[in-house]
Structures are given as structure tokens and as C-alpha cells.
1. If we restrict to alpha carbons, what Rg and Dmax does the protein assembly as shown come to, in Å?
2. Using all C-alpha to C-alpha distances in chain A, build P(r) with 10 Å bins and read off the rounded percent in each one.
3. Which residues' amide hydrogens lie under 5 Å from the amide hydrogen of A:Ala135, considering only partners 5 or more residues apart or on another chain, with H built in the peptide plane?
4. Just want to confirm a number: the relative contact order over the stretch A:103-220, from Cα pairs under 8 angstrom separated by 6+ residues, in percent.
5. Compute the acute angle (0 to 90°) between the alpha-carbon long axis of helix C:47-61 and the principal axis of greatest extent of the alpha-carbon atoms of chain C; round to the nearest 10°.
6. Take the residue pairs A:Lys43/A:Lys109; A:Lys18/A:Lys43; C:Lys156/C:Lys207 and return only those whose Cα atoms are more than 23 Å apart.
7. Does the stretch A:1-111 classify as rounded, prolate or oblate by the C-alpha gyration tensor (a ≥ b ≥ c root eigenvalues; a/c under 1.5 gives rounded; else a/b over b/c gives prolate, otherwise oblate)?
8. Round to the nearest 10 and give me the degree value, 0 to 90, for the angle of helix A:142-154's Cα axis relative to the longest principal axis of chain A.
Amino acid sequence: MSAVVSLEDVHKSFGALKVLNGVSFDVRKGQVVAIIGRSGSGKSTALRCINRLETIDHGRIEVCGHVVSDERVDLNRLRRDIGIVFQSYNLFPHLTVEENISLGPRHAKGMPLAEARRITTEVLSRVGLLDKLHAYPEQLSGGQQQRVAIARSLAMSPQVMLFDEVTSALDPHLTGEVLRVIEQLAAGGMTMILVTHEMAFARKVADVVIYMHEGRVWETGAAALLSSPATSELQQFVGVTL
Amino acid sequence: MMGYKLEFADVLAQWPLFVQGAWMTIQLSALAVVLGFTIGTLCAIGRRSRYRLLSFACGTYVEAVRNTPLLIQIFIVFFGLSSAGFKIPAFAAALVALVLNVGAYTCEIMRAGMDAVHKGQIEAAECLGLRRAQVYWHVILRPAMEKVDPALTSQFVLLMLASSITSQIGVEELTAVANRVQSDTYRSFESFIVVAVIYIVLSWMMRGGLWAIGQVVFTRRRKLGTLA
Amino acid sequence: MGGAFNVNHFNFMLTGAVWTVGLSLIAFAGGGLLGFAIALARVSRNRLLRWPATVYVQLVQGTPLLIVMFLCYFGLAMLGLNLPAIVAAGLSMTIYVGAYAGEIWRGCIQSVPRTQWEAAECLALRRWQRMRLVILPQAARIATPPTVGLMVQVVKNTSLASIVGFVELTRAGQLVNNSIVAPLLVYMLVAGIYFALCFPLSWWSRKLEVRLNFAHRRQPDLAFAPA
């Protein structure tokens, strides 16, 4: 099994602030990787570098055969292969759920309308919101909006999906419905990288857990890692979080 | 009123002229709004550009127009260009000046609207693999327009009123008609009262028309009644 | 004058510019007072004040300044008053600026949060005291940037006084051009002088707006005549 995503010695600074300090890891096809760590540990930045929302200072990132760290990478092709779901949903407020989802397939992929419609209903039923086809984002709850955002990414049939703290902005009673959708995707064999604060969830769905600290991969291993941390930093982190 | 009696009969007898003048005002304003909006929007995109020179050029144009009177702009386009060898008819000169004028104001308004579109929206669109132009079209322009729609409406009504100034280079619009009627009938005050009433009606019609366009274009507003 | 453009022409235009500034000050002072009254009347609870003020604003904002000027010019003549052009110009600018300033300031007064009224009420202040001691000072802060912006529009709008024969900057430019026939040069120069008068105000207005950090509650509806 080859790596779908691979980071090699990635460095990134914002001005004088060193955010990533030599990050390396591989994600294989079908794997679910959870990145955990304190805020400021660089986990979200690492995720954003993977689909080039941020450029890196040094190192190499490759995703599905695209060399992301190369300046000449075709961003539009790269991003058709990577889906990302944001903490703040970022649905387009002026478009209906259907228009939000079909925008990418229709205009980035140039799909005919009927085909885009078919895909829209398919992904929307996967997240259980088929009845919201013609609703506007503001008419939905936070959990529903986030599920639509997941559907919007799925509609591009990505090879990899990135989740950037997708439940952090939600009320506790709404996180469940979103996590269930992600769990289903994991069960369906989707390659995923999750930046998350939900330790119980990471333990449940992740094949690999990466603990980031001070811009490095501090500790990594199977989900069992969370029960038996090797370093005092992770021990402390898990202790505080659980 | 010191022996002066208002007498509208002679003035109102000239109603076909007023209709012609109003029609000219409407044509001039409609063309200026459509072209000015296009230029202004492009200019707003230009001002947000990464290319310093482009953004500087757009900024200079906007400042030059916003800090000089429309009357002078009209004179420069009409008399200035003709003295420099570019002879253009009064209507064309008036249109060019009005378009440049409203373009600059539209640019500032649209820029404010575009700046108000959240960065996350643009990132989300880019992550769907949309190209820059597609991102602008689908994710930036429409919400921006929706946000600044009231300001644009006010600006366009002001432009229609300001088109009265083009009478000064001989465009036969409403104000020019008023001048002609007052010199024919010697009923100056009455002539301008009549024209003022027509302008007020035109500005209400324009607000109504622009509101109706907004209702068609901004689907969400029509359906939910909410603002951007 | 006559012949080529010379320093006398330029001095004549500068004198015109002084009159432009003078008329602007008259318009701003007169329009400001009227506008203040309009703003207060528009937020008044008394319908007899609110209604006429609303009608006034509707009528003036639906009429071109040029028409207002003609109405004042011919209206004063109709009353048998033979007054210099600056009176008609000053009066029409006052009427016009009053409506726009009134609307801007009304918006500012209304953008002071409702809770401020309530808090003032709980201190047992009378309505006028609430307005004067609590609301207006806050509204004034909000109003500063758009008011400076309004001054730019006032300066530019005085150019229309040239049409009723008042010799300000634009009329001075026309007279110079009539004598030497170099429209591009003359009007570019006139535009340059207007720019020199207006740009500092525009810049100041923007700076005030940024400094007071009112960008998020800016009301784009406060735009003013593109003249």
C-alpha cells in the first residue's frame, strides 16, 4: 500500500513564529489519521499545508501524485482530489443546499446539470439531509450545516478528506450527528485526516494517532497510544483532555 | 407673493417636450448605470488585485473622480476632448462622463461589499477547485452586491438626478427642456416646479425598479426576507 | 485678459476658489443647522415634527440640486427680490445640504444602541436630557467621518452655482476659457484645484473612520450626490 499523503521534513513559519518544525508522516489509502495536540501545536497549519491553503518554507508534501510543495502544482487539480471541511462550515450563505453542493461538480469539474444533481442527492442522502435540498444555510442548525459541508466535499469524489476541528464550533448536543457521518465515511474506506479535540472519537475511528507538540510529530502510533502514552507531554495532554 | 400668480397652463401645454426630456433622462441614466456598474465592479476587483500597478491605477481613477465636480468632468470630456481633436456628440460626452463618475462611486461601494465577504468563503471555494474568476463570480460578487444593494440604489438615483447637469453641454434631457419651456413661456418658476415633480416621480420609479431587480436577482432575500 | 494662459488667469481662478470655499462654508453652516433640526425632527415622537421633516427629505432628495438652484434663483426673482447670485446659491445649497445632512445624522442618532436610551431613562433623565447628555455625544462620534465626507460633496456641489452666474471656481474657469479658448488646460487646472480642496477632506474622513473603527457599522447608504 502506497502513501496517498506524505509529508517530509515540513517547516513553516509565520514571521518569527515557527509553527511547523520538521513534520513528517505518511497516510496510506483507506487510513484514518487523527492529529491531536494543544492549540498552537501546528496541527491545523499542517492540515492547511496539505491542500496548500498555506505554502511551506521547507520540505516536501505529496498528495495523490501532486507535489504540493512544488510551486508549479496545478491547484485546481490538486483540490479536486482533496476535500476539506472547516471548523466554521463556510457554506455559501446566498446559495441553497443544492447549489452549495453542486457548485464544485458543475463549475470546477464541468459536469452537466443532471449529473451534478444526481451526485448532490446522493451525497446529501449519505449525510441524511435529503429533505433540506432547497433550504438555505441559515435555516439549518450548526450540525446540519456541517453535514452539508461534508456533503459538499464528498460531491467532488475526493481521494482524501481533511477535517479541521469540525465539531469545535458546535453545541455539544450537535456534535454526535456530525461524528456519526464521519464514522460512516471511515467505515466506507475513505482516506481521512482529522484534526480533532474529541479524544474518545479519535480512539474509536482512528487507525493512527499523531500527537503534535511544538510544531513536531511528538508521538505517533495506533489509537491504543492514547491509553499508554510514552512521553510525559502526551500523558499530560491526554490526562487533561480525558 | 407680491402680485405674482402661479400659472401652470402654458407650461403644462408643453407636455410632449417634458415627455421627450424625461425619456432622454431615463435613457441616459439607464445606460450610465449599466456601464458604470460594470466598470466600477471591474475596478473594485482591480483594486483588490495583487498587482500593485493595477490596484494603484484603479485607486487613482477613483480618487480623481470622487474629488472633482461632475460638471468639470463633463466639461473636460466634452470641450477638452474636442479641443484635443476628438470630436464627440454631446450625448456621447455626457454618457462617458456619467459612466466614469458613477463607475468610481460603484467601485468604492462594491469594494466595501467584497471586503465584507468572509475569507473562509473564498478558501472554501478555492478548495472546491474553482478558478479565480469562478470564485469571484459565484462566491464574492453576488453576496457583495446583495450586501451593498441599498447603497448602490441610492448612488444610482443620485446619478439620475445628477444627469441634469448634462443640460449644460446641450443634451436635450429634462432640465434642458425646462430651460427651453421657461424661455418660451416666461413661466420660469412653474417650469422648474413641473420638472422637479417629474424628477421626484422618476426617482421613486427608479427605486422601485431597482428594488424589483433585487427581488429577482437575490433569490434568498426574496424567499427568506433576510439581509446579507 | 486674452492671449495665452498667464499668471493673471491663474490668480483669477484662485480668487474663484476662495469664493468656492466661502460658498461651501455658508452651505455647510446653513445646511448643518437645518440638517440638525431635520435629524431631531425625524427621530421625534411627535408626528407633527416627524412628518413634515420626512416629506422635506423625500422632496429634496428626489430633486436635482440644479433644479433646486433654478427654483431659488427664479423664486426669489418672482418675489420681487433682486439679490446677488450668492444668495440664491447659498439658499439652494442650504436647502439641499440640510436634507442630506439630516439623513446622515438621523442614521447616526438611530445607530446609538437602544439600551443607551433605556439606561438614561433609568437615571430619570427627561427625553431632551437623554438626547443631549447621552445620545448626541455618542452619535457625534459616529457622525464625524460621514460628515467630513459630506463636506467634500458640498465643495464639489458648489460648482453648480456657476450655472446661476455666481463667479466661483468653475465660473472663473469658464470665463478664463472664454477668453483664451484652451478648455483642456483650463478645466484640468480647475479640476486640480478642486482636487486640492477635496482630497485632504476625503483622506481625513477615511482616517477618522478607520481610527474610530466604525468600518463594521458604516452605512453605505450615506452616499451623497455624485456632483
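Laboratory data are not the source of any read-out in this text; all were calculated from the coordinates shown. What you see is a predicted model, and the numbers here were worked out from it, not measured in a lab. Backbone-built Cβ (ideal geometry, glycine too); neighbour counts: all protein chains shown.
1. Values for the protein assembly as shown (Cα only, Rg and Dmax): 31.7, 104 Å.
2. Values per bin, smallest distances first: 8, 32, 36, 20, 5, 0.
3. Residues meeting the criterion, in which the H sits 1.01 Å from N, are A:Val97, A:Glu98.
4. Numbers: 98 pairs, mean separation 24.5, N = 118.
Value for the stretch A:103-220: 21 percent.
5. The angle comes out at about 30 degrees.
6. Numbers: A:Lys43/A:Lys109 30 Å; A:Lys18/A:Lys43 13 Å; C:Lys156/C:Lys207 20 Å.
From the list (A:Lys43/A:Lys109; A:Lys18/A:Lys43; C:Lys156/C:Lys207), the Cα-Cα distance tops 23 Å for A:Lys43/A:Lys109.
7. Details: a/c = 1.82, a/b = 1.48, b/c = 1.23.
It is prolate, given that a/c is not under 1.5 and a/b is the larger ratio.
8. Here the helix axis deviates by roughly 90 degrees.
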